[in-house]
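Here's the structure, in structure tokens; my notes come after.
The values are calculated or read from the model by the stated rules, or taken from the named source; none is laboratory data. Source: prediction; values computed, not measured. Counting neighbours? That spans all protein chains shown, and the Cβs are built from the backbone with ideal geometry, glycine included.
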Amino acid sequence: MSTPKYKRVVLKLSGEALAGDIGYGIDANVIGSLARQIKEVVELGVEVAVVVGGGNIWRGISGTEKGIDRATADYMGMLATVMNSLALQDALERTDVPTRVQTSIEMRQVAEPYIRRRAIRHLEKGRVVIFAAGNGNPFFSTDTTAALRAAEIEAEVILMAKNNVDGVYSADPSKDPTATKYETLTYLEILNKGLGVMDSTATSLCMDNDIPLIVFNISEEGNIRRVVLGEHIGTLVRGSM
């Protein structure tokens, strides 16, 4: 068996990644593929925590553009992340991977409340832990949640899975053919260049806590395992070069 480079990771999945080519909602084939890839990593002995976005169902920013109060729109987005988390939990458990969903907003009938020590204990027992409902507060993104939870559980790296994008580029490669891919970056460069890898709050939180970030393409099955084993794919972002 190959030896993983990391012992404990936070996997950040966008809600859009779950929608696949459908563009909205949850694609059963996509979520099944994600479950299989996560299982491969768990079988290596890696402790996996997951943060899922909700953009495939609802985006808080879009809600405000429609006249909905920003805080209300963000709470609606948190509920969307819970729906995605429960779907991912179901897919994982159908592949015999024990999974727990912990929510920042209490809803005990469907998930555990987030408790840091309990989350760490689940990870130590080989269970996948999915952090849902953001950090429980409006005006914060799920990127910030990933950074916060990674710091709290002392994860070694954040794996930011992107749909059909294999790293960080100087511009949107689908719109600008001259865009160049970065192999490595610092968090300060992300802020200075305005690259939009993650929002500034999440970027600063990762930088302050010296948590490395790997941005890679989730569309190619097996990439999560490759990243965990230390294969250089995507873009590595860290505090300093």
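One table, with the values for the structure above:
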item: Selection count where residues are basic (Lys, Arg), surrounded by fewer than 17 Cβ atoms within 10 Å (Cβ to Cβ) and touching a residue at least 12 places away in the same chain (Cβ under 8 Å), scope region 157-192; result: 1
item: Failed condition for Thr95, given (1) in contact (Cβ under 8 Å) with a residue 40 or more places away in the chain; (2) within 15 Å of the chain's Cα centre (by Cα); result: (2)
item: Residues that are under 18 Å from Asn84 (Cα atoms) and in contact (Cβ under 8 Å) with a residue 60 or more places away in the chain, drawn from region 109-133; result: Val128, Val129, Ile130, Phe131, Ala132
item: Number of the exception - Leu195 against (1) out of contact with any strand residue (DSSP E or B) (no Cβ under 9 Å at 6 or more places or on another chain); (2) surrounded by 13 or more Cβ atoms within 10 Å (Cβ to Cβ); result: (1)
item: Segments classed as helices (runs of 4 or more DSSP H), wholly inside region 1-85, with at least 3 members that are within 16 Å of the chain's Cα centre (by Cα); result: 15-19, 28-42
item: Residues that are assigned to a helix (DSSP H, G or I), in contact with a strand residue (DSSP E or B) (Cβ under 9 Å, 6 or more places away or on another chain) and surrounded by fewer than 18 Cβ atoms within 10 Å (Cβ to Cβ), drawn from region 88-134; result: Asp90, Glu93, Arg118, Ile120, Glu124
item: Selection within region 142-156 - surrounded by fewer than 21 Cβ atoms within 10 Å (Cβ to Cβ) and either in a helix (DSSP H, G or I) or out of contact with any Pro (no Cβ under 9 Å at 6 or more places or on another chain) (or both); result: Ala151, Glu152, Ile153, Glu154
item: Val52 vs. criteria at pLDDT 95 or above, among the hydrophobic types (A, V, I, L, M, F, W, C) and more than 17 Å from Ser219 (Cα to Cα); result: no
item: Residue in region 216-235 that is farthest from the chain's Cα centre (by Cα), counting only those that are over 19 Å from Leu44 (Cα atoms) and either aromatic (Phe, Trp, Tyr) or outside any loop (DSSP other than H, G, I, E, B) (or both); result: Thr235
item: Conditions (1) closer than 21 Å to Arg149 by Cα; (2) touching a residue at least 40 places away in the same chain (Cβ under 8 Å); (3) surrounded by 22 or more Cβ atoms within 10 Å (Cβ to Cβ); (4) not acidic (Asp, Glu); number of the one not met by Asn56; result: (1)
item: Residue, nearest to Tyr24 (Cα to Cα), within region 36-58, restricted to residues that are touching a Ser or Thr at 6+ places or on another chain (Cβ under 6 Å) and among the hydrophobic types (A, V, I, L, M, F, W, C); result: Val52
item: Unique match (being part of a loop (DSSP other than H, G, I, E, B) and of a type in the set (Gly, Ala, Ser)) among Ala171, Ala202, Ala161; result: Ala171
